[in-house]
């Protein structure tokens, strides 16, 4: 407003070609005044649908004003209003407002693009939420009936049929994991992820996860070594989410380690946090792979990675979850030497 010596003004953005301009910023208005677009009959109204600055002469009822359309590729993407009690705006001030509107065009278009992106992202999150909910019921039924058949409760099944049923159940489990990851991402992005922080014993939680995952380690004859001090302080975190993080990291360590391999999990206090480390001695990663590891749908290019089932979402969800819980996460790795994943969680205070 300084370049036009105005007392007050506002900026409006048109979200799209079909929408009316919406005032997004205002300055100089009294506390009880509500900035508004010019009403019908106001000389400034001409600029709303036009491409030139409109001016209004000041009078006892209305201040002097100018309204400039913000144009982008022949389309009005916004408006800039300036007003003052007196005197009327000069030709030089009109030119200054025109220049300001020209400079504002790029910013207005960026704002419109951001608003479109936000609406698209909200629509995507809503779609994912609805689809995730709708898929859970049929997948639960498919797995349940397949399991009944597998157990022979409906009648005897031969070995080939058992193989087919195991394939069905395995693929349903993969779909359940995908739906769960997509649902978590949607909740995190929209701020709807349910977090219930509590004082959580780190050592006991790690041992619980290891017990639950024992069949996976045993099936690959893998040894898990632990170094978890008994005097670790309790964590301020969500116990279920912590178990989800640990399960994701340990599952990856198992998948990308050879049969008969060794996996190590360590925990140690670092200031106001506890650092938990999962180390494997598997295929490892290049620096390029590490730089992209936590992005959505990313999977390494090596055959050893592609041979394993997965969607490239687990580590992205893990990273987002760790950060939502107030911690950090990282990785160090070398091809052929294995990987070291670590994450931190805050210590319970008091």
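General observations
- Of all residues making up the stretch 13-33, the number that are closer than 30 Å to residue 120 by Cα, free of Cβ contacts under 8 Å to residues at least 40 places away in the same chain and part of a loop (DSSP other than H, G, I, E, B): 3
- A count restricted to the stretch 264-305 and to residues that are farther than 17 Å from residue 340 by Cα and part of a helix (DSSP H, G or I) stands at 2.
- Residue 126, sole failed condition from (1) at pLDDT below 90; (2) surrounded by 12 or more Cβ atoms within 10 Å (Cβ to Cβ); (3) touching a strand residue (DSSP E or B) at 6+ places or on another chain (Cβ under 7 Å): (3)
- Any pair with Cβ under 9 angstrom, 6 or more apart, that starts in the stretch 247-258 at a residue that is in the same structural domain as residue 181 (by TED's automatic domain parsing) and surrounded by fewer than 21 Cβ atoms within 10 Å (Cβ to Cβ) and ends at one that is at pLDDT below 90 and in a loop (DSSP other than H, G, I, E, B): none
- Condition check for residue 211: surrounded by fewer than 19 Cβ atoms within 10 Å (Cβ to Cβ), outside the structural domain of residue 135 (by TED's automatic domain parsing) and either out of contact with any helix residue (DSSP H, G or I) (no Cβ under 9 Å at 6 or more places or on another chain) or in contact (Cβ under 8 Å) with a residue 60 or more places away in the chain (or both): yes
- Taking the listed residues 93, 109, the one that is crowded, with 16+ Cβ neighbours inside 10 Å, farther than 23 Å from residue 14 by Cα and assigned by TED's automatic domain parsing to the domain that holds residue 58 is 93, with no other qualifying.
- Subset tally (residues that are in a helix (DSSP H, G or I) and more than 28 Å from the chain's Cα centre (by Cα)) for the stretch 193-212: 7
- Scope the stretch 242-263; condition closer than 16 Å to residue 294 by Cβ and in a loop (DSSP other than H, G, I, E, B); matching residues: 256
- Test: residue in the stretch 217-235 that is over 23 Å from residue 283 (Cα atoms), out of contact with any helix residue (DSSP H, G or I) (no Cβ under 9 Å at 6 or more places or on another chain) and crowded, with 17+ Cβ neighbours inside 10 Å: no
- Filter result (more than 14 Å from residue 8 (Cα to Cα) and touching a helix residue (DSSP H, G or I) at 6+ places or on another chain (Cβ under 8 Å)) within the stretch 58-78: 68, 69, 70, 71, 72, 76, 77, 78
- Per this entry, residue 300 is not counted among residues that are touching a helix residue (DSSP H, G or I) at 6+ places or on another chain (Cβ under 8 Å), surrounded by fewer than 16 Cβ atoms within 10 Å (Cβ to Cβ) and not assigned by TED's automatic domain parsing to the domain that holds residue 185.
- Residues in the stretch 213-238 that are within 26 Å of the chain's Cα centre (by Cα) and under 22 Å from residue 316 (Cβ atoms): 237, 238.
- Within the stretch 140-156, residues that are assigned to a loop (DSSP other than H, G, I, E, B) reach partners that are surrounded by 10 or more Cβ atoms within 10 Å (Cβ to Cβ) with beta carbons closer than 7 Å, at six or more positions or on different chains, in the pairs 154/148.
The rows are residues; the columns are (1) touching a helix residue (DSSP H, G or I) at 6+ places or on another chain (Cβ under 9 Å); (2) exposed (fewer than 13 other Cβ atoms within 10 Å of the Cβ); (3) not assigned by TED's automatic domain parsing to the domain that holds residue 312.
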site: 163; (1), (2), (3): no, yes, yes
site: 168; (1), (2), (3): yes, no, yes
site: 171; (1), (2), (3): no, no, yes
site: 176; (1), (2), (3): yes, no, yes
site: 182; (1), (2), (3): yes, no, yes
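The values are calculated or read from the model by the stated rules, or taken from the named source; none is laboratory data. Predicted model only: the values in this text are computed from it and were never measured. Note that we place each Cβ from the backbone using ideal geometry, even for glycine, and neighbour counts take in every protein chain shown.
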